[in-house]
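Q: Below you will find the structure I want to go over with you.
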Amino acid sequence: MKFMKTVALVTVMAVAGAGLAGCSEKTEKETETANWTGKIVIWDGPRWEDPSKNKYHWLEAQAKAFESSHQGVTVEIVQVPWAELNDKLGVSIAGKAWPDIAPIDISGNGVNPTFIKQKVVEPLDDYFTADDKKDFYENALEAYTQDGKMYGVPAAMTVHSMLLNLDVFKERNVEPPKDGQWTWEEFVDSMKKLTYDKDGDGTTDVYGMSTYIKNGYYEAWPFLYMDGGRPLSEDGTKFTFDSKEATDAMKKLADLKAVEKVAPKEMGSGDVGGTWKAFSAQKSVAVEPWATWAISAAAKANMNNVMVASYPTGKSGKPVTIGGVGGWMMFAQEDKGKKKVLADFMKQLSNTDNQVLSAKNYGTFPSRKSAMDQKPFEGNIPMQQAQKLTEQAVMVPKHANWKKIDEAIQKELQLVLNGEKAPDAAMADAKKTVDGLLK
Amino acid sequence: MKTSPTTAHETGKPSAKLRSRQKSLLREMWKQRAAYLFLLPKMILFIAFIVLPVIWAFVISFQEFGIFESEWVGIDNYVATFQNEAFMIALWNTLKYTLVTVPVSILLALTLATLIHPLGRISQSFFRGAFYLPTVTSMVIIAMVWRWVYNYRFGLFNYFLSFFNIPAQDWLNQSDTALWALIIMSILIPPGVGIIMYLAAMGSIPESLYEAAKIDGAGSFQRWWQITVPLLKPTTLYLTMLSLIGSFQVFTQVILMTGGGPGDATETLVHLIYKTGFRDLEFGLASAQAIVLFVITLIFGLIQYRLLYRKSED
Amino acid sequence: MNLQRTSGKFITYTILIIWAVISLLPLYWVFSTALQLSEYKDDTTGQVISYVEAEPPKLYPMGIPKYFEEWGKARDAASSGNAAAEAHHRERMDMIVTDTFSGFAALFNGTSIWKWFFNSAYIAVVVTVGILLLDTMAGYVLAKKQFPGRDFIFWLIIATMMIPGQITLVPLFKMVQTLGLMDTHWALILPDLSMVFGVFLMRQYMLSIPSDLLEAAKIDGASEWKTFWTVVVPLAKPALATLGIFTFMNVWNSFLWPIIVLNNADLYTLPVGLKTLQDQNLAIFKLLMSGAAVAAVPMIIVFIAFQRYFIRGLTVGGVKE
């Protein structure tokens, strides 16, 4: 029967295909010697582009240099879209097929505590002496330290700051804050002046300020820190965002929209792109807080008159902001020799020269003092202004359940900014969830 | 083969002795070996890449997933699932979403197909194209467009409503409207597959049936209701089942348009499962949640199957 | 009476056309944004304007009116003998054209888009052909044959569709790993070939094919395979067209699974490749939409190719009762 033959053929082909591919599986050798040779796999997303539009050229050049300085070692670069990095990592970890090195997101979340708990990230203390560590800023190292161990190499830093569109300031005759410092009252006053009906149709077209609320993002949070409120107690055992300092600050932020009417209705939604567009394209918002990537992005969007300022100062009397640290992590390894080689490569990627390059091209701050000494921001006034803010930066709390705690808080913050819930009621609800997670 | 194979369920003759029954079963199977061979290639792939992964998910739902070793925890994950308030909220949102979008979109597909069917050849292929071609755009793009449609300030939706003096709303960013915004969106995206399937099925209904009904004096709506609709049953069953499964698994719109917010307003089951699995790496709990979703979908699937096939098939 | 019929027709067309416009909007928007002016330098103010994602949105590529504006100015300048002004406006015309197509230019000059395109195309074709064959065979027997286990298989297929794909990613990954298919195109093709919605679709469609036809073929002494190939397949054409387009589209658009199992950039499919160009915080919309437009073209072609099979399957060949 003809059809039987065909069916059989298809089946055989399917099985043979699977079998053949199975044979090509590589067997990896293990070596105990210091001079480990073999292939290392590193993941990365697109960074700044070279003249031929290649967004991976920097890492490619680094890999080449490393291969020539380490005979017998080859570096395989896997290009991973940033947006899918976490999903690919999740599946690969669950399937025990992780890369050797992967980037750590700069947004402020640090190394995923779940990875540490599951022991898939290697501590790096054996490869970084106290002398090595000395060159790094303390808060950068601190961000990657858990239980006294170092779980990643900080390679770049960011800080959240207020971006001011000075064109609108000029148009409304508003004096920008001196040295980028303003008290809450001065800030509100400026926002009121900046909010206006541009085309005279009776509705407001330009607003003073806006921001968004989304899990894992902290642009709005320094406002909540303003009066001294913090999400967790110093030792990470108690939920403290329900304190009066925190809820008062939340109310002030929400009132910008509800009472003062200097923020658009969209403030507090999770729409990151829309918020950025309102500032950079539509120019319907004069001031927005962003991480430092936005400074170079604003320049790319032809905004030539941008100033960087601190978050307004509240009752605590000092401006405060939130920072983030980006870097590299090493995944669980069996071979000691390989670990050493990987650590060498991570050192190279985060060395002074590379940090300067990243600072100049990618809008990040160095995590090494020696890189900062090379003045990478000469001629770049907004980045210099933002750099000053790094001294005020605190990091997001580190806790094994932070992502869930974060979600519980952000969810309620959205409702507060929407005017659907009062701050104390919202934080009381958040507390119920968070208390369970702190145990 | 007997006359109408789709109605008869067992052709094997009942026999008193188990052995002879087994024998007749084997004989029956051997007689139908061609059918098994037709199924075989698909089944090999189906088992390897779908059934086995599903079994893994089922097994893992009784474990606390660890990368190096997993621990058996009995039904703890299921208990945790039902004790989790977030799960209940997500379940409720998903149910609301499904119970509105499924019937409405099926009805819409049927109506639109009915309107298109009598048109001339050119109009017919034009509308078929207009409704089916957009399915080539991925949900990612559609979500982007709809985000703009719902924009508070510049969106088409508020613009359209302003003609009826309805005040502008920030549809995706208010607890009381966000889920409805997603529902309306999935209703307004034309059910391209449904329309095509209905059109194909309508084309296979013999003209003679309608002529006979005409002679009996049935009006056009009566003919539609009494001839077209019942004969489209297999298609309706297919579309409802597919749409039901799709709605219960609504995800892309959620993650791209609202991220589950504001608050919990648009948190859906698969979005929750996704977070549990990929953010927290708690695959055991995520699997338990997925199995619960499966059971719920199955119950609804069986209910609609029974509703559609209340009377005997065909 | 006649008036009633005309007005009924008018209403029908109005509804259908409005709906069709809503339906086609996203696709139109992709092409319109891909061709939108992104860096237009205003001649008088010297300001650089982007019309991409402008609010309120521009409903068509602004290069078109701007081009004609410059063309008119160049013509006026030419007629008044101002050669310098004419050259200036001609230059601006070129600038507008360059900017309009800059998204496509960046894709085709700066990336391996042809490689991604080829990978996507051959995978989509292999899977579509495979699915059409396998699912029609399976759907046919599930609808038209009586055999032990039939209902069980049918319900098993439906049941597995009720498990969200997100949860089977990990076991599927392990399966692909065990078979040694990681970082090969087999890791995409085989799981795609195992998708079952097509079996369900074909089964439901086959139910509406009168069994008498198959009986007739059997009486003629045709083998099972011949009956399937010469009677069943031609009758199933409308459903095959639906399934073909649907499968092609699914495979063509999928990105998460390919991102997870592929590491070698040479093996990337079009959506994966396009995504590896996206910056961490900013979507460059024009580039994004140019990519989406490039991706949409083959699917439109596939749609048109399959379109002719949508003609009523059962009215062919004297099947009409």
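The values are calculated or read from the model by the stated rules, or taken from the named source; none is laboratory data. Keep in mind it's a predicted model, so treat the numbers as computed, not measured. Note that each Cβ is placed from the backbone with ideal geometry, even for glycine, and that neighbours are counted across all protein chains shown. These accessible areas exclude ligands, DNA and RNA; they are computed on the full protein's heavy atoms, side chains included. Shrake-Rupley method; radii C 1.70, N 1.55, O 1.52, S 1.80 Å.
Q: Does the range B:206-220 include one or more residues that are in the same structural domain as B:Pro134 (by TED's automatic domain parsing), more than 15 Å from the chain's Cα centre (by Cα), closer than 29 Å to B:Thr137 by Cβ and hydrophobic (A, V, I, L, M, F, W, C)?
A: Within the range B:206-220 (the criterion being in the same structural domain as B:Pro134 (by TED's automatic domain parsing), more than 15 Å from the chain's Cα centre (by Cα), closer than 29 Å to B:Thr137 by Cβ and hydrophobic (A, V, I, L, M, F, W, C)), the answer is no, since none of the residues qualifies.
Q: Continuing with this model, one more query. What is the residue count in the range A:377-398 for residues that are under 17 Å from the mean Cα position of the chain (by Cα) and either small (Gly, Ala, Ser) or not in a helix (DSSP H, G or I) (or both)?
A: 7
Q: Quickly run through the range A:117-141 and pick out the residues that are buried (at least 21 other Cβ atoms within 10 Å of the Cβ) and part of a helix (DSSP H, G or I).
A: Result: A:Ala140, single match.
Matching residues to (1) among the β-branched types (Val, Ile, Thr); (2) under 21 Å from B:Gly194 (Cβ atoms):
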| position | (1), (2) |
| --- | --- |
| B:Gly217 | no, no |
| B:Gln222 | no, no |
| B:Leu231 | no, yes |
| B:Thr235 | yes, yes |
| B:Gly246 | no, yes |
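Q: What helices (runs of 4 or more DSSP H) completely inside the range C:40-137 contain at least 2 residues that are in contact with a His (Cβ under 6 Å, 6 or more places away or on another chain) and either assigned by TED's automatic domain parsing to the domain that holds C:Met299 or crowded, with 16+ Cβ neighbours inside 10 Å (or both)?
A: Numbers: elements: C:63-79, C:83-100, C:102-110.
In the range C:40-137, C:63-79 are the helices (runs of 4 or more DSSP H) which contain 2 or more residues that are in contact with a His (Cβ under 6 Å, 6 or more places away or on another chain) and either assigned by TED's automatic domain parsing to the domain that holds C:Met299 or crowded, with 16+ Cβ neighbours inside 10 Å (or both).
Q: Among the residues of the range A:398-413, which ones are of a type in the set (Gly, Ala, Ser), at pLDDT 90 or above and open to solvent by 30 Å² or more (accessible area, probe 1.4 Å)?
A: Listed by number, the list is empty, since nothing qualifies.
Q: Return the residue satisfying two criteria in turn: it lies in the range A:214-235 and is touching a Phe, Trp or Tyr at 6+ places or on another chain (Cβ under 9 Å) and assigned to a loop (DSSP other than H, G, I, E, B), and of such residues it is most open to solvent (accessible area, probe 1.4 Å).
A: If we take residues in the range A:214-235 being touching a Phe, Trp or Tyr at 6+ places or on another chain (Cβ under 9 Å) and assigned to a loop (DSSP other than H, G, I, E, B), then A:Arg230 is most open to solvent (accessible area, probe 1.4 Å).
Q: Does A:Asn173 satisfy the criteria of being under 23 Å from A:Lys403 (Cα atoms), polar (S, T, N, Q) and touching a helix residue (DSSP H, G or I) at 6+ places or on another chain (Cβ under 9 Å)?
A: Here the answer is no, as A:Asn173 does not meet what is asked.
Q: Residues that are under 30 Å from B:Pro230 (Cα atoms): which helices (runs of 4 or more DSSP H) entirely in the range B:9-121 hold 2 or more of them? Let's see the steps before the verdict.
A: Details: elements: B:18-31, B:33-46, B:52-60, B:76-83, B:85-116.
Fully inside the range B:9-121 and qualifying: B:33-46, B:85-116.
Q: Something else about it: Can you name the condition, by its number, that A:Asp271 falls short on among (1) out of contact with any strand residue (DSSP E or B) (no Cβ under 9 Å at 6 or more places or on another chain); (2) of a type outside the set (S, T, N, Q); (3) surrounded by fewer than 20 Cβ atoms within 10 Å (Cβ to Cβ); (4) within 14 Å of chain B (Cβ to nearest Cβ)?
A: Every condition holds for A:Asp271 apart from (3).
Q: Here's another thing I want to ask about it. Checking A:Pro382 against (1) open to solvent by less than 40 Å² (accessible area, probe 1.4 Å); (2) closer than 21 Å to A:Gln62 by Cα; (3) in contact with a helix residue (DSSP H, G or I) (Cβ under 6 Å, 6 or more places away or on another chain); (4) modelled with pLDDT under 95, which test does it fail?
A: It fails just one condition, (2).
Q: Which residue is least open to solvent (accessible area, probe 1.4 Å), if the candidates are limited to the range A:47-96 and must be part of a strand (DSSP E or B) and within 19 Å of C:Ser112 (Cβ to Cβ)?
A: Taking the candidates together, the pick is A:Val78.
Q: While we're looking at this one, here's another question. Go through the range A:180-198 and count every residue that is over 12 Å from A:Pro312 (Cα atoms), open to solvent by 40 Å² or more (accessible area, probe 1.4 Å) and not in a loop (DSSP other than H, G, I, E, B).
A: Counting residues in the range A:180-198 that are over 12 Å from A:Pro312 (Cα atoms), open to solvent by 40 Å² or more (accessible area, probe 1.4 Å) and not in a loop (DSSP other than H, G, I, E, B) gives 2.
Q: Another question about this same structure. Let me confirm something: among C:Ala216, C:Ala222, which residue is surrounded by fewer than 22 Cβ atoms within 10 Å (Cβ to Cβ), more than 14 Å from chain A (Cβ to nearest Cβ), of a type in the set (Gly, Ala, Ser) and free of Cβ contacts under 8 Å to residues at least 40 places away in the same chain?
A: Working: C:Ala222 fails: more than 14 Å from chain A (Cβ to nearest Cβ).
Sole residue among the options that is surrounded by fewer than 22 Cβ atoms within 10 Å (Cβ to Cβ), more than 14 Å from chain A (Cβ to nearest Cβ), of a type in the set (Gly, Ala, Ser) and free of Cβ contacts under 8 Å to residues at least 40 places away in the same chain: C:Ala216.
Here's the yes/no breakdown for (1) crowded, with 17+ Cβ neighbours inside 10 Å; (2) free of Cβ contacts under 8 Å to residues at least 40 places away in the same chain; (3) touching a strand residue (DSSP E or B) at 6+ places or on another chain (Cβ under 8 Å):
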position	(1), (2), (3)
B:Leu156	yes, yes, no
B:Ile166	no, yes, no
B:Thr177	yes, yes, no
B:Gly192	yes, no, no
B:Ala201	yes, yes, no
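Every residue, every condition in (1) surrounded by 15 or more Cβ atoms within 10 Å (Cβ to Cβ); (2) modelled with pLDDT under 95, yes or no:
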residue: B:Ser4; (1), (2): no, yes
residue: B:Ala8; (1), (2): no, yes
residue: B:Lys23; (1), (2): no, yes
residue: B:Gln32; (1), (2): yes, yes
residue: B:Ala35; (1), (2): yes, yes
residue: B:Trp56; (1), (2): yes, yes
residue: B:Tyr78; (1), (2): yes, no
residue: B:Tyr97; (1), (2): yes, no
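Q: Against the condition more than 8 Å from every other protein chain (Cβ to nearest Cβ), farther than 24 Å from A:Lys277 by Cβ and either surrounded by fewer than 16 Cβ atoms within 10 Å (Cβ to Cβ) or touching a helix residue (DSSP H, G or I) at 6+ places or on another chain (Cβ under 9 Å) (or both), how does B:Gly129 come out, does it pass? Don't jump to the end; show me each part of the working.
A: Details: more than 8 Å from every other protein chain (Cβ to nearest Cβ): no; farther than 24 Å from A:Lys277 by Cβ: yes; either surrounded by fewer than 16 Cβ atoms within 10 Å (Cβ to Cβ) or touching a helix residue (DSSP H, G or I) at 6+ places or on another chain (Cβ under 9 Å) (or both): yes.
No, not satisfied.
Q: Would you be able to tell me the number of residues in the range B:249-260 that are surrounded by 22 or more Cβ atoms within 10 Å (Cβ to Cβ) and within 8 Å of chain C (Cβ to nearest Cβ)?
A: 1
Q: Taking the conditions exactly as written (part of a helix (DSSP H, G or I), open to solvent by less than 20 Å² (accessible area, probe 1.4 Å) and under 17 Å from A:Ala426 (Cβ atoms)), does A:Met250 satisfy them or not?
A: Yes: the conditions hold for A:Met250.
Q: Residues of the range C:155-170 being open to solvent by 10 Å² or more (accessible area, probe 1.4 Å) and either small (Gly, Ala, Ser) or assigned to a helix (DSSP H, G or I) (or both), which ones? Break it down stepwise before answering.
A: If we filter the range C:155-170 for residues that are open to solvent by 10 Å² or more (accessible area, probe 1.4 Å), which is where we start, we get C:155-156, C:159-161, C:163, C:165-166, C:168-169.
Within the range C:155-170, C:Trp155, C:Leu156, C:Ala159, C:Thr160, C:Met161, C:Gly165, C:Gln166, C:Thr168, C:Leu169 qualify.
Q: Let me ask something else. Might you let me know whether the range A:404-419 holds any residue that is away from chain B (no Cβ under 14 Å) and closer than 25 Å to A:Pro113 by Cα?
A: No, the range A:404-419 contains no residue that is away from chain B (no Cβ under 14 Å) and closer than 25 Å to A:Pro113 by Cα.
To keep it simple, each residue is scored yes or no on (1) at pLDDT 90 or above; (2) open to solvent by 40 Å² or more (accessible area, probe 1.4 Å); (3) assigned to a helix (DSSP H, G or I); (4) more than 9 Å from chain C (Cβ to nearest Cβ).
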site	(1), (2), (3), (4)
B:Ser247	yes, no, yes, yes
B:Glu267	yes, no, no, yes
B:Phe278	no, no, yes, no
B:Ala286	yes, no, yes, no
B:Val292	yes, no, yes, yes
B:Ile303	yes, yes, yes, yes
B:Leu307	no, yes, yes, yes
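Q: Just checking, how many residues over the range C:28-45 are among the small types (Gly, Ala, Ser) and within 11 Å of chain A (Cβ to nearest Cβ)?
A: 1
Q: A follow-up question, please. Could you please give the count of residues in the range C:172-190 that are surrounded by fewer than 23 Cβ atoms within 10 Å (Cβ to Cβ) and at the interface with chain B (Cβ under 7 Å from one of its Cβ atoms)?
A: 1
Q: Look at the range C:6-24 and say how many of its residues are surrounded by 12 or more Cβ atoms within 10 Å (Cβ to Cβ) and either modelled with pLDDT under 85 or closer than 14 Å to B:Leu112 by Cα (or both).
A: Looking only at that region, the number is 10.
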